[in-house]
Amino acid sequence: MDRKADASKDPQDIACWQRIDSRITSSGRLSPIDPQRLAALGVKCVINLALADSPGALEDEPALMAAAGLTYVPIPVPFDAPDEGHFAAFAQAMEAAGEDRVHVHCIMNWRVSAFLYRWNRARGMDEEEAAALMRVQWDPAASPHRDAPAWARFIEGR
């Protein structure tokens, strides 16, 4: 995967921004100007793993994405209870995007990093590489967060 492609145009001021490869980027919370900025980067689809009422969630996100011409896929994942249904919906959304550029976000990029870890592993990425990409944002196995055990189980597929 080419992580350098288009990186010079990446909006580093978006919370917890991370380029996964030339097609996939991720971040934490978005601001009202970010849908247009993502569209300018060539993003075609935005997947949101946060709850609509999460602290810091972008108000009117579906309308802002539509106005920017972006496909918007909300997959609300309760932070204390990620499950296989959420992952199946995520994998389906990623597959539906085909070769289009995709941006995946939540509030802190923690949900996203865990989902991308599992997705990358399912697609054959080496465990060490997938884990290193996840740990740029967080490591559920080492986190003191009260919900980290749920995420450690989630990344193991349990």
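Brief remarks on what is shown
- VAL112 vs. criteria of a type in the set (Val, Ile, Thr), in contact with a Ser or Thr (Cβ under 6 Å, 6 or more places away or on another chain), open to solvent by less than 70 Å² (accessible area, probe 1.4 Å) and within 24 Å of GLN12 (Cα to Cα): yes
- For region 15-39, a residue qualifies if it is open to solvent by 50 Å² or more (accessible area, probe 1.4 Å) and free of Cβ contacts under 8 Å to residues at least 40 places away in the same chain, and the qualifying residues are PRO32, ILE33, GLN36, ARG37.
- Any hit, region 46-56, residues being surrounded by 15 or more Cβ atoms within 10 Å (Cβ to Cβ), part of a strand (DSSP E or B) and of a type outside the set (A, V, I, L, M, F, W, C): yes
- The single residue among ALA63, ALA67 that is open to solvent by 70 Å² or more (accessible area, probe 1.4 Å), within 20 Å of PRO32 (Cα to Cα) and at pLDDT 95 or above turns out to be ALA67.
- Residue check for VAL102: in a strand (DSSP E or B) and crowded, with 18+ Cβ neighbours inside 10 Å: yes
- Test: residue in region 109-131 that is part of a loop (DSSP other than H, G, I, E, B) and farther than 19 Å from ARG23 by Cα: no
- Residue match in region 2-15 (condition: of a type in the set (S, T, N, Q) and at pLDDT 95 or above): no
The values are calculated or read from the model by the stated rules, or taken from the named source; none is laboratory data. All figures in this text were calculated on a predicted structure; none of them were measured in a lab. Here Cβ is always computed from backbone atoms with ideal geometry, including for glycine, and neighbour counts include all displayed protein chains. Heads up: the accessible areas ignore ligands, DNA and RNA and are worked out on the full protein's heavy atoms, side chains in. Shrake-Rupley method; radii C 1.70, N 1.55, O 1.52, S 1.80 Å.
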